[in-house]
Each structure stands twice: as C-alpha cells, then as structure tokens.
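Have a look at the structure below, then the notes.
The values are calculated or read from the model by the stated rules, or taken from the named source; none is laboratory data. In this text the structure is predicted, and so the values were computed from the model without any measurement. FYI the Cβ positions are ideal-geometry reconstructions off the backbone, even for glycines, and counts take in every protein chain you see. Only protein heavy atoms, including side chains, enter the accessible area calculation; ligands, DNA and RNA are left aside. Shrake-Rupley method; radii C 1.70, N 1.55, O 1.52, S 1.80 Å.
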Amino acid sequence: MYRQLLGLRQLSRRSVTSSANRQMENSVKEKQKLFQEQNGLPVHLKGGTGDALLYRATMALTVFGASYVVFELFSAAMPKKPH
C-alpha cells in the first residue's frame, strides 16, 4: 500500500515538473504588427482566411435567421383560410 502511494507521488511530481519545461513562443509582437498595419481591412478581417470565412458564415446565418423570422411573423399574421 505504502509503495503504491510512493509511486503515485512520483508520477504526479514527474507530470508537474515535466510540463513546466514546455515553453511557448511569444508571438504578441507579430500579432500587434499584423493588426496595426494600415492595409484598408477592418480589424475583424485582418486575421486571414479563417476570419473571412467565419465572417461570411456569420453574415449568412444572420440573413437566413432574419428572413425566417420575417416569414414566420408573416405566416402568423395571415392565417390560412379554411376551405
């Protein structure tokens, strides 16, 4: 029992200390340069093609949703006549 607890303690120490060795590259300066350059693009599209695709998908869903709401409101306002 004691041996299992020691093994568990060593395992937890290894995972904690080994994860501290991983360092990420600081890319804040590059991102700041990208977003601050004057190229005529709005800030929400300066991230590249991923931002453009996300923007277009959002606009398409917004237009579709607004159209559907107007359609449903019109349907509710004009009930079908019984035959």
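Which of the following residues is modelled with pLDDT of 95 or more and aliphatic (A, V, I, L, M): Ala60, Ala52?
After applying the criteria, what remains is Ala60.
For segment 25-59, give me each residue that is touching a helix residue (DSSP H, G or I) at 6+ places or on another chain (Cβ under 7 Å) and hydrophobic (A, V, I, L, M, F, W, C). Before the answer, list the steps.
The first filter runs over segment 25-59 and keeps only residues touching a helix residue (DSSP H, G or I) at 6+ places or on another chain (Cβ under 7 Å), leaving 35, 43-46, 51-52, 55.
The answer is Phe35, Val43, Leu45, Ala52.
The residues on offer are Gly65, Gly40, and the sole one that is open to solvent by less than 100 Å² (accessible area, probe 1.4 Å), part of a loop (DSSP other than H, G, I, E, B) and at pLDDT 85 or above is Gly40.
Of all residues in segment 1-37, those being at pLDDT 85 or above and open to solvent by less than 100 Å² (accessible area, probe 1.4 Å) number 6.
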